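**Q** Have a look at this one.
Every read-out reported here was derived from the displayed coordinates using simple, explicitly stated rules and does not represent laboratory data. These numbers come from a predicted model, not from an experiment. Here Cβ is always computed from backbone atoms with ideal geometry, including for glycine, and neighbour counts include all displayed protein chains.
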Amino acid sequence: MSVGVRLLGSMILLVSTALALPASAFDANTTFAQGTYVLSGEGSYGERFNREGFSELTDLKLWNVGLRASILPFGVAGPGILRGALEAGLEPLYQRYLDPHSAFWAGLMIVARYHFLTLGRFVPYVEAAGGPGGTDLNVKEIDSNFSFVLWGGAGVSVFLTDTTAVYAGYRYEHNSNAGLATPNRGVDFHAGVFGVSYYFR
């Protein structure tokens, strides 16, 4: 099953859940108030793609799990459709590479996520993250015991209550060692992510 099909299934589940929610008002100004903390648990699955069109590449797949601790440093701001809130945090991440090479990456990510707050309990977001970690991935594109994982992505959260949300999204992920060792062609992945967040003060 492709990443796209999994992501579509997750989005359908989120929409179905939201439609079943009670019609009580959702106050984004309270949930996303300045100084609010966010604790999130998430997992993702991804498949390698040939961004640079190489004639040969290692056909990797991956899954990962992470636990993110964040803060909303500014609260709600911005005009019109850009009205939203910035989330900034740290996420210990464990990543496992699958066939044909079983390997791991483990490190600490710095994560920034911007939540768009104009659709009530539906809260779209964009995100970026990066961090260093240790790895034993040994393929022709990258072979070192240290590398950086970077991702950018977008998705949507659905608030089940004023403090609890589930979310699903897409990530473009890149793993390389920044030229600190050779080889370093790096590896790129399309990934789908699913998680749960709890907001508290």
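**Q** For the range 127-133, take each phi angle, set θ = phi - 60°, evaluate the Karplus expression 6.51 cos²θ - 1.76 cosθ + 1.60, and give the result in whole Hz per residue in order, putting x for glycine and proline.
**A** My calculation for the range 127-133 gives 8, 8, 8, x, x, x, x Hz in order.
**Q** Please rank V123, V111, fewest neighbouring Cβ atoms within 10 Å first, as an exposure proxy.
**A** Placing the least packed residue first, the sequence is V111, V123.
**Q** Could you pull out the longest piece of the chain with no exposed loop GluC sites (Glu not before Pro) in it, calling a site exposed if DSSP puts it outside H, G, I, E, B and it has at most 13 other Cβ atoms within 10 Å?
**A** 57-201
**Q** Using the 2.2 N^0.38 Å rule of thumb for compact globular proteins, work out how the range 138-179 stacks up: its C-alpha Rg over that value, please.
**A** Details: Rg = 16.3 Å, N = 42, 2.2 N^0.38 = 9.1 Å.
In units of the 2.2 N^0.38 Å rule of thumb, it is 1.79.
**Q** While we're here: Using only Cα atoms, find the angle between the long axis of helix 3-19 and the longest principal axis of the chain, and express it within 0 to 90 degrees, rounded to the nearest 10.
**A** Compared with the principal axis, the helix lies near 10 degrees.
**Q** Can I ask one more? Using Cα-Cα distances under 8 Å and only pairs 6 or more residues apart, what relative contact order does the chain have, in percent?
**A** On the way: 537 pairs, mean separation 44.8, N = 201.
Taking the mean separation of contacting Cα pairs over the length of the chain, I get 22 percent.
**Q** So, one more: For the chain, would you read off the P(r) tail past 20 Å as a percentage of all alpha carbon pairs? Mind showing how you got there, number by number?
**A** Numbers: 11380 of 20100 pairs.
The calculated P(r) of the chain puts 57 percent of pairs beyond 20 Å.
**Q** Let me ask you something else. In the range 89-201, with Lys and Arg counted as +1 and Asp and Glu as -1 at Cβ, which of these residues, Y97, L180, G152, has the Cα nearest the positive end of the dipole, that is, farthest along it?
**A** Highest projection toward the positive end goes to G152.
**Q** If you filter the range 31-115 for trypsin sites (Lys or Arg not before Pro), then keep DSSP loop positions with at most 13 other Cβ within 10 Å, what is left?
**A** Details: sites: R48, R51, K61, R68, R83, R96, R113; in loops: R51, R83.
Here no trypsin sites (Lys or Arg not before Pro) fit, given the DSSP loop and packing criteria.
**Q** Work out the FRET efficiency for N184 and A77 from their Cβ-Cβ distance, taking R0 = 35 Å, and round it to the nearest 0.05.
**A** With R0 = 35 Å, the Cβ-Cβ based efficiency is 0.30.
**Q** Continuing with this model, one more query. Over the range 51-127, calculate the relative contact order: mean separation of alpha carbon pairs under 8 Å at least 6 apart, over the residue count, as a percent.
**A** Working: 145 pairs, mean separation 21.5, N = 77.
Dividing the mean separation by the residue count of the range 51-127 yields 28 percent.
**Q** Can I ask one more? Can you work out ³J(HN,Hα) from phi for every residue in the range 60-73, in order, using Karplus 6.51 cos²θ - 1.76 cosθ + 1.60 and θ = phi - 60°, giving whole Hz and x for Gly and Pro?
**A** Along the range 60-73, the couplings run 7, 10, 8, 9, 8, 9, x, 10, 9, 10, 9, 9, 9, x Hz.
**Q** Before rounding to the nearest 500, sum -39500 (n - 2.57) across all DSSP H runs of length at least 4 in the chain and divide by the residue total; then give [θ] at 222 nm in deg cm²/dmol. The partial results should precede the final answer.
**A** Numbers: 2 runs with 21 residues, N = 201.
After summing the helix terms and dividing by the residues of the chain, the value is -3000 deg cm²/dmol.
**Q** OK, next. Give me D162, D99 sorted ascending by neighbouring Cβ count inside 10 Å, so fewest comes first.
**A** Details: D162 15, D99 9.
Fewest-to-most Cβ neighbours within 10 Å comes out as D99, D162.
**Q** For S157, what is the net charge nearby, where nearby means another residue's Cβ is under 12 Å from its Cβ and Lys, Arg count +1, Asp, Glu -1?
**A** -1
**Q** Report the calculated FRET efficiency for Q34 and T161 (r = Cβ-Cβ distance, R0 = 22 Å), to the nearest 0.05.
**A** Once the sixth-power term is evaluated, E becomes 0.60.
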